[in-house]
Amino acid sequence: MSRTALVTGATAGIGEACVRTLVASGWRCIATGRRAERLEKLVAELGADKVHAAVFDVRDEAARDAALDALPEAFAGIDLLVNNAGLALGTAPAQDASLADWKTMIETNVTALVSLTHKLLPGLIGRKGGVVNISSVAANYPYTGGNVYGGTKAFVRQFALGLRADLHGTGVRVTSIEPGMVETEFTLVRTGGNHEAHERLYGGADPMTAEDIAETVRWVAELPPHLNINTLELMPVSQSFAGFQVARE
Ligand code: NDP
Ligand code: 8X3
């Protein structure tokens, strides 16, 4: 029997790759995002019986609920929630950062994720489903300019672990996936469309691809039902750790 996944942020990058990978593996997907034309393209390419486009801003609960209430029968029972939609805005140190950017990151990466998870939990429990949160290495390693973005991703990771504890005995699986550098539109969004910054970061680094992460999500979601991956941190081989900084007189 085909299962149904809801993937937030499926208009680009990791979310779009998750939809393609899950559909190729026999899942039906509800693909969400704000850019309707990109979702419609996915539906046209993969088939309306496999992908349903749900266009909404994850921060807009009324629009989200209207889209979910209008799900076609075949997509109405959700077995897997992939909490992927998210963004970083800016790389400035905290003292120079935009408060509006901080609020946008918190509203998108934290508040909307929590709200959607809360809405879908009863159904996920009923179906012994799963939740995969896309956190980040930024949750685990602070870096300059990562301030609120890293804070939101630490929340996303810890929320997954807290859900695990609360859902004890329900059969629902919860996983936090924490990727390092993945070449997507992430850096263009973070820098307000700076293609040079995108090239500087990913150029020559052989970064992970969105497909690498999507394949990991699929693997986690298709494990035998007695197995739960709690957290999983991934990096490209070219990325590792650096040291502390010391300010001197
Ligand atoms: P992209 O910018 O390529 O994709 C981001 C997706 O999130 C888009 O589909 C976008 O859709 C959606 N999104 C953003 N804001 C909203 C919103 N308000 N409402 C609805 N959808 C929204 O980036 P990635 O694929 O890289 O990012 C996906 C996730 O992976 C994010 O949570 C990110 O933090 C995380 N991540 C990324 C890493 C990387 O190096 N790329 C590493 C670690 C984690 P639309 O704009 O159409 O609404
Ligand atoms: C994205 C990875 O290192 O740019 O979450 O924060 S990083």
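Please treat every number below as a calculation from the coordinates, not as lab data. The structure displayed is predicted, hence computed values, not measured ones. FYI the Cβ positions are ideal-geometry reconstructions off the backbone, even for glycines, and counts take in every protein chain you see.
Quick one: which residue in 232, 223 is closer than 20 Å to residue 17 by Cα and crowded, with 16+ Cβ neighbours inside 10 Å?
232
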Failed criterion for residue 90 (all others in (1) at negative phi; (2) surrounded by 16 or more Cβ atoms within 10 Å (Cβ to Cβ) hold): (1)
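Per-residue answers, yes or no, for (1) basic (Lys, Arg); (2) surrounded by fewer than 14 Cβ atoms within 10 Å (Cβ to Cβ); (3) within 12 Å of ligand 1 (Cβ to nearest atom):
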site: 135; (1), (2), (3): no, no, yes
site: 143; (1), (2), (3): no, yes, no
site: 167; (1), (2), (3): no, no, no
site: 187; (1), (2), (3): no, no, yes
Residue check for residue 157: surrounded by 15 or more Cβ atoms within 10 Å (Cβ to Cβ) and in a helix (DSSP H, G or I): yes
Restricting to segment 193-220, and then to whatever is touching a residue at least 24 places away in the same chain (Cβ under 8 Å) and away from ligand 1 (no atom under 12 Å from the Cβ), can you tell me which residue is surrounded by the fewest Cβ atoms within 10 Å (Cβ to Cβ)? 206
Can you work out which of the residues in segment 17-42 that are more than 16 Å from ligand 2 (Cβ to nearest atom), aliphatic (A, V, I, L, M) and crowded, with 17+ Cβ neighbours inside 10 Å is farthest from residue 215 (Cα to Cα)? 39
Every residue from segment 184-207 that is outside any helix (DSSP H, G or I), within 15 Å of the chain's Cα centre (by Cα) and within 11 Å of ligand 2 (Cβ to nearest atom): 184
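Here is a yes/no grid of residues against (1) assigned to a helix (DSSP H, G or I); (2) over 19 Å from residue 171 (Cβ atoms); (3) in contact with a strand residue (DSSP E or B) (Cβ under 9 Å, 6 or more places away or on another chain):
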residue: 68; (1), (2), (3): yes, yes, yes
residue: 90; (1), (2), (3): no, yes, no
residue: 95; (1), (2), (3): yes, yes, no
residue: 107; (1), (2), (3): yes, yes, no
residue: 111; (1), (2), (3): yes, yes, no
residue: 125; (1), (2), (3): yes, no, no
residue: 131; (1), (2), (3): no, no, yes
